Amino acid sequence: MTQNHGTIVKVAGPLITADGMGGVQMYDVVHVSEKELIGEVIELRGDRASIQVYEETGGIGPGEPVYPTGAPLSVELGPGLIESIYDGIQRPLNVLFESAGSRITRGIAAPALDPEKVWNFQPTAEVGKKLVGGDVLGFVQETGAVKHYIMVPPGKTGVLKRLVPEGLYKIHDAIAVIEGEKGEEELTMAQKWPVRKGRPYQEKLPPNEPMITGQRVIDTFFPIAKGGVAAVPGPFGSGKTVVQHQLAKWADADIIVYVGCGERGNEMTDVLTEFPELVDPRTGLSLMKRTVLIANTSDMPVAAREASIYTGITIAEYYRDMGYKVAIMADSTSRWAEALREMSGRLEEMPGEEGYPAYLSSRLAEFYERAGQVLTIGSEGRKGAISAIGAVSPPGGDISEPVSQATLRIVKVFWGLSAKLAYARHFPAIDWLSSYSLYTDRLEPWFDSNIAEDWGECVTRAMTLLQEEAELSEIVSLVGIDALSKRDRLKLETARSIREDYLHQNAFDATDTYTSPDKQHALLKLLLEFYDRGSAALEAGAPFEKLAAMPVREKLGRFKYCQEKDHKQLARELSAELANEVRKLTEGNENA
C-alpha cells in the first residue's frame, strides 16, 4: 500500500470527506481506512475529496487514512465473464461466498476473472501485419454458446511481432507482442476499461432491423430495434421482471447482461436460480452459457447501485466490440436514481424535482446513449449492437414522477405496464393504449419485406380496432350494449379476440411463450378476416348472435397453441372453415 494518503475528516453514511487528496482525479478509486473499503472520488475541492464508498462505513471515523490508487473504477474484461455472477463493482459473488460465507465481509476483494484458469487459445492473426485497436488476435471457446475473440485493446497500434501457438494459457499470460511507436508491448487475454467511459467505435448505424422477441404485443405493436432503447415502467406486481426474463430468454441477442440494480433480494434470487435451469432456445444449453449477471440488491450499500449500471454497460460494450448483438436488462433504473438522489443530498447539492439531482436526465441519457448499433473499431469493421431495456419502478405506478419522465424523454420504446391488466391476469400486462414505439415506421419496411407485404396494414387495422373498442366501451358502460349497432358490436367482439387470443400470452406454456413473426402475422390476419367476413355477413342480413357464436371462433382462439411447423397449414384450414361457416349463415338468411 502506498504511503501517500489522505485523512478522513467527515463520515456521512456512504459519503466520506478526506483532506490531503492532492493529485487524485475525479472518479479515481481509493481504499478507505486500514480495512481497505472500496470508494470512488465524486467531488474535488482543492485537496479535499468527497468519496462514495461501496461498502458499509459503520465504525469508520475521522483521522483514518484514505489511500489513492491512481486509477479510475474499471472492469476486467476477458474470458470468464460469461456465467459469472458479480456484485456492482465486479467482485465475483461465488468466490466471495467461498471465502467469507453468506455475509460479505468489509474490505474483501477477489479478482473478477480467475487468474489460474487455463483457456485453449487459438491464434488467427498474421505475424508481421500491422494491427490496430479492435483487431482480433485469436479466440477461445468461452462456453458452448460463446466464442470469445481476443482483441487488441482500444488505442493500441503496432506490427505483430510474436503470437503464441495454439495451446492452454492463463488470462494474464503474454500471448502476443506488438511493436509500436513506444517500442514492443506484450498483450494478454485480459484488458481493463474504466466503467464511466464508453468504449470507442467507428460509426453509429441507424436502427433498421427489429430485435425479435417472440412476444406478440411487443413485436407487432411496439417493436424495438437492434441497438434500440426501451423502458418498462409499471407498479409493483405488474410483471416488469417477468417481461425482462422473457426478453432475456427469447430476444434475438447473442449475449445477455442482466443487472439487478437495487431490487429486492428475493427477485434477484429468482434470477439466480431460474436462469441456470432455463434451456436456451438458441443453443439448447443453459441460458447462463451466454449470460452475465450483476446482482446488486437493495440491502447492499446505496452507492454500489450507481456503479452496477456502468459495470453492466461496459461488459456489454466489450462483447459488442466482438461483433455480437447484446441485450442489457437494467432492473431497475429507479433504484439507481435513488442512489443518485441520496449521494446528491449528502453532497448538499441544490435538489431538483422531488429531491432528485438536477443532472438526473443527463446521467440517464449517458447510460442509454451507450446502446446502439455500431461499426466497431478494428480494420475488419464488424457490426455489433447493444439493446438497452430499463425497468422503471415509479412509486404507486405514477409515471409523472421524475425518473419515469426523464426516461421517457430519452428512450424510443415505452412498454407501459398496467396494474389493471395484471390484476385481470392479462400478461404481458403492457397497456396497448398508453405504450408506443418510435421505431415502428423505421422497422415497418423490414417486416413488409421479410414477413408479409401487408404486415403494416394489419398492425394499423388491429390497433384501430383496439382504440375504437376503448371508445365504444365508454358508451356501453353508460347506455348498455343494446344501444350499439351490429357493426359496432362486431368491432367489440373482434377487439376482444385480439386482446384475449392475441395480446394475452402465457409465459409458462411451452408453445405460447414464444411466437415467431410469421405465426404472429398468420393469427392476426385470421382475426381480421373474421371481422371482414363478419362485416360482409351483417350487411347481407346475417344475425349477429350466430356470427359471434360460430364454432370456428374457439379454434381461432386456440391457434396460438399450435406448433410453429404446423401454423401455415392450420391457418389455411381455419380460413377456409371461417369462410364456410359465414357462408352458411348468409345462405340461411337468404333462404329465410
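Annotations for the structure displayed:
- Residue 75 meets each of the listed conditions (1) at pLDDT 95 or above; (2) in contact with a Gly (Cβ under 7 Å, 6 or more places away or on another chain) apart from (2).
- Filter result for residue 255 (touching a residue at least 60 places away in the same chain (Cβ under 8 Å) and aliphatic (A, V, I, L, M)): yes
- Cβ-Cβ under 7 Å pairs, at least 6 apart or on other chains, the stretch 101-119 side free of Cβ contacts under 8 Å to residues at least 60 places away in the same chain, far side of a type in the set (Gly, Ala, Ser) and in a loop (DSSP other than H, G, I, E, B): 114/80; 117/80
- Residue within the stretch 243-254 that is farther than 21 Å from residue 222 by Cβ and open to solvent by 10 Å² or more (accessible area, probe 1.4 Å) present: yes
- The set of residues in the stretch 58-76 that are closer than 17 Å to residue 15 by Cβ and of a type in the set (A, V, I, L, M) comprises 60, 66, 73.
- Odd one out for residue 307, checked against (1) at pLDDT 90 or above; (2) closer than 25 Å to residue 146 by Cβ; (3) assigned to a helix (DSSP H, G or I): (1)
- Failed condition for residue 99, given (1) within 31 Å of the chain's Cα centre (by Cα); (2) of a type outside the set (A, V, I, L, M, F, W, C); (3) farther than 14 Å from residue 81 by Cα; (4) not in a loop (DSSP other than H, G, I, E, B): (1)
- Restricting attention to the stretch 352-368, the residues that are surrounded by fewer than 14 Cβ atoms within 10 Å (Cβ to Cβ) and either within 20 Å of residue 226 (Cα to Cα) or touching a Lys or Arg at 6+ places or on another chain (Cβ under 6 Å) (or both) total 1.
- Scan of the stretch 375-401 for residues that are over 17 Å from the mean Cα position of the chain (by Cα) and either charged (D, E, K, R) or over 20 Å from residue 335 (Cβ atoms) (or both), ordered by number: 375, 376, 377, 378, 379, 380, 381, 382, 383, 398, 401
- Test result for residue 470, outside any loop (DSSP other than H, G, I, E, B) and within 23 Å of residue 397 (Cβ to Cβ): yes
- For the stretch 273-322, taking the residues that are within 23 Å of residue 385 (Cα to Cα) and of a type in the set (Lys, Arg), the one that is surrounded by the most Cβ atoms within 10 Å (Cβ to Cβ) is identified as 320.
- Qualifying position, being at pLDDT below 95, of a type in the set (A, V, I, L, M, F, W, C) and out of contact with any Pro (no Cβ under 7 Å at 6 or more places or on another chain), among 481, 498: 481
- Candidates 320, 335, 305, filtered to the one that is more than 25 Å from residue 513 (Cβ to Cβ) and touching a Phe, Trp or Tyr at 6+ places or on another chain (Cβ under 6 Å): 305
- Those strands (runs of 3 or more DSSP E) of the stretch 137-240 in which at least 1 residues are open to solvent by less than 30 Å² (accessible area, probe 1.4 Å), in contact (Cβ under 8 Å) with a residue 40 or more places away in the chain and within 30 Å of residue 427 (Cα to Cα), considering only elements entirely within it, cover 229-233.
- Selection from the stretch 215-233 of residues that are among the aromatic types (Phe, Trp, Tyr) and under 11 Å from the mean Cα position of the chain (by Cα): none
- Checking 312, 323 one by one, the residue that is among the small types (Gly, Ala, Ser), at pLDDT 90 or above and in a loop (DSSP other than H, G, I, E, B) is 323 and no other.
- Output for the stretch 383-393, where each listed residue is modelled with pLDDT of 95 or more and open to solvent by 10 Å² or more (accessible area, probe 1.4 Å): 383
- Segments classed as helices (runs of 4 or more DSSP H), wholly inside the stretch 477-592, with at least 2 members that are in contact (Cβ under 8 Å) with a residue 40 or more places away in the chain and farther than 22 Å from residue 452 by Cα: 486-497, 517-539, 544-548, 567-591
- When each of 41, 66, 32, 53 is tested for being in contact with a Pro (Cβ under 6 Å, 6 or more places away or on another chain) and either surrounded by 23 or more Cβ atoms within 10 Å (Cβ to Cβ) or of a type outside the set (Lys, Arg) (or both), the lone residue that passes is 53.
- Tally of residues being aromatic (Phe, Trp, Tyr) and open to solvent by 70 Å² or more (accessible area, probe 1.4 Å) across the stretch 87-120: 1
- Against the test of being open to solvent by 60 Å² or more (accessible area, probe 1.4 Å), under 27 Å from the mean Cα position of the chain (by Cα) and under 20 Å from residue 413 (Cβ atoms), the options 445, 517 yield a single qualifying residue, 445.
- Residues of the stretch 462-473 include none that is within 28 Å of residue 565 (Cβ to Cβ), open to solvent by less than 80 Å² (accessible area, probe 1.4 Å) and touching a Pro at 6+ places or on another chain (Cβ under 7 Å).
- Selection status of residue 82, in a loop (DSSP other than H, G, I, E, B), in contact with a Phe, Trp or Tyr (Cβ under 7 Å, 6 or more places away or on another chain) and either of a type in the set (Val, Ile, Thr) or open to solvent by 60 Å² or more (accessible area, probe 1.4 Å) (or both): no
The values are calculated or read from the model by the stated rules, or taken from the named source; none is laboratory data. These numbers were taken from a predicted model, which means no experiment stands behind them. Note that each Cβ is placed from the backbone with ideal geometry, even for glycine, and that neighbours are counted across all protein chains shown. Just the protein is used for accessible areas: all its heavy atoms, side chains included, with ligands, DNA and RNA removed. Shrake-Rupley method; radii C 1.70, N 1.55, O 1.52, S 1.80 Å.
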